[in-house]
Amino acid sequence: MAETYEIYALRYAGPVSGPQALLLWNRDWEQRVKRAYYFWCLLGPAGPVVVDCGVTPERAAQREIPDYRPPLELLAALGVEPGEVRHLVLTHLHWDHCGGTGWFPAAQVHVGLAEWEFWNESPLVSRSIFPLLHEQDDLAPLRAAQEQGRLRLHPGDAPLAPGLELVSAPGHSPGLIALQAATAK
């Protein structure tokens, strides 16, 4: 029997209304859309596996996102403690996806290589649009994970564990990755 996972979508804030361009990379600034803030937890043989991790209460207050619920409380409701998370997959390094990286001290942290290189090396990061999308201080826990040998940079598709595969999906950000998971359905 194949390794299978249960996937939980955890809404930690929202909904909020904003320009569609923030979702579709600088297109349709005049159109407004509602969106909520999510991260995911997969429970299964390699789990718990967390995909993205939301933001700290301080960042939520700074960004004024409505109806914030601390991501660690949402994980606790599933019976998941941060120290038992073995893999943290960051689909991309926008502020609303990676702000809680430091909560997972034992996890292997998975990031697309192109995403890492963009936010750490590209001179484009200083352009006016990018502070809307990224907080430079969110990189500190990632650099700590790198120093500890827990940061895994992926140049393309890669197996993560039985039943889990990282899939390159650039577009919304330069090095976006997704996680493909086998489920019972």
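If you put +1 on each Lys and Arg Cβ and -1 on each Asp and Glu Cβ, how big is the dipole of the chain around its Cα centre, in Debye rounded to 20?
On the way: 14 positive and 21 negative charges, 62 e Å.
Computed charge dipole of the chain: roughly 300 debye.
In deg cm²/dmol and to the nearest 500, what is the mean residue ellipticity at 222 nm of the chain if only DSSP H runs of at least 4 residues count, each as -39500 (n - 2.57), divided by the residue total? Walk me through the intermediate numbers first.
Working: 6 runs with 40 residues, N = 185.
The helix-only estimate for the chain comes to -5000 deg cm²/dmol at 222 nm.
Could you tell me what percent of the accessible area of the chain is made up of carbon and sulfur, with a 1.4 Å probe and every protein chain present?
Details: 4880 of 9250 Å².
Percent of accessible area from carbon and sulfur atoms in the chain: 53.
I need to check one value: relative contact order of region 1-135, counting alpha carbon pairs closer than 8 Å and at least 6 residues apart, in percent.
Working: 232 pairs, mean separation 28.3, N = 135.
About 21 percent, as a whole number.
Tell me, in nm to one decimal, what length is gained between Ser128 and Thr4 on full extension, where the rule is 0.36 nm per residue of separation less the Cα-Cα distance? Could you put the intermediate results ahead of the total?
Values: separation 124, 0.36 × 124 = 44.64 nm, distance 4.29 nm.
Using 0.36 nm per residue and subtracting the Cα-Cα distance, I get 40.3 nm.
Pick from Val33, Val85, Val109: which is most flexible by mean-square fluctuation in a GNM of the chain where alpha carbon atoms under 10 Å apart are linked?
Of the options given, Val33 has the highest mean-square fluctuation.
How many angstrom separate the Cα center of region 135-169 from the Cα center of region 45-90?
16
From largest accessible area down, sort Asp67, Asp96; use a 1.4 Å probe on the protein chains.
Largest accessible area first, the list is Asp67, Asp96.
Taking 30 Å as R0, compute the FRET efficiency from the Cβ-Cβ separation of Ala144 and Glu165 and round it to 0.05.
Working: r = 27 Å, r/R0 = 0.89.
For R0 = 30 Å, the calculated efficiency reads 0.65.
Quick check for you: with a 1.4 Å probe and neighbouring chains kept, what is the accessible area per residue of the chain, in Å²? Display every interim value, and only then the final one.
On the way: 9250 Å² over 185 residues.
Heavy-atom SASA per residue in the chain reads 50 Å².
May I ask which residue of Val50, Gln146, Gln108 lies farthest towards the positive end of the charge dipole of the chain, with charges of +1 (Lys, Arg) and -1 (Asp, Glu) on Cβ and the Cα centre as origin?
In the chain, that residue is Val50.
Based on DSSP loop calls and a cut-off of at most 12 other Cβ atoms within 10 Å, the longest stretch of the chain free of exposed GluC sites (Glu not before Pro) is what? Walk me through the numbers on the way to the answer.
Working: sites that count: Glu30, Glu64.
The longest such stretch corresponds to 65-185.
Mind listing the phi-derived Karplus ³J(HN,Hα) values for region 171-185, rounded to whole Hz, using 6.51, -1.76 and 1.60 with θ = phi - 60°, and x for any glycine or proline?
Once θ is set to phi - 60°, the couplings for region 171-185 become x, 5, 8, x, x, 4, 10, 10, 10, 9, 10, 7, 10, 5, 9 Hz.
Is the shape of region 112-177 rounded, prolate or oblate, going by the alpha carbon gyration tensor and its root eigenvalues a ≥ b ≥ c, with a/c under 1.5 for rounded and a/b larger than b/c for prolate?
Details: a/c = 2.53, a/b = 1.42, b/c = 1.78.
Oblate is the answer for region 112-177, as a/c is 1.5 or above yet b/c matches or exceeds a/b.
Name the most mobile residue of Arg150, Arg63, Arg127, meaning the one with the largest mean-square fluctuation, in a Gaussian network model of the chain with Cα contacts below 10 Å.
Ranking Arg150, Arg63, Arg127 by mean-square fluctuation puts Arg127 first.
The values are calculated or read from the model by the stated rules, or taken from the named source; none is laboratory data. If you're wondering where the values come from, they're calculated on a predicted model, not measured in any experiment. So basically every Cβ, Gly included, is an ideal-geometry build from the backbone, and we count neighbours across all protein chains shown. Each accessible area value is taken on the protein alone, full model and side chains, heavy atoms only, with ligands, DNA and RNA left out. Shrake-Rupley method; radii C 1.70, N 1.55, O 1.52, S 1.80 Å.
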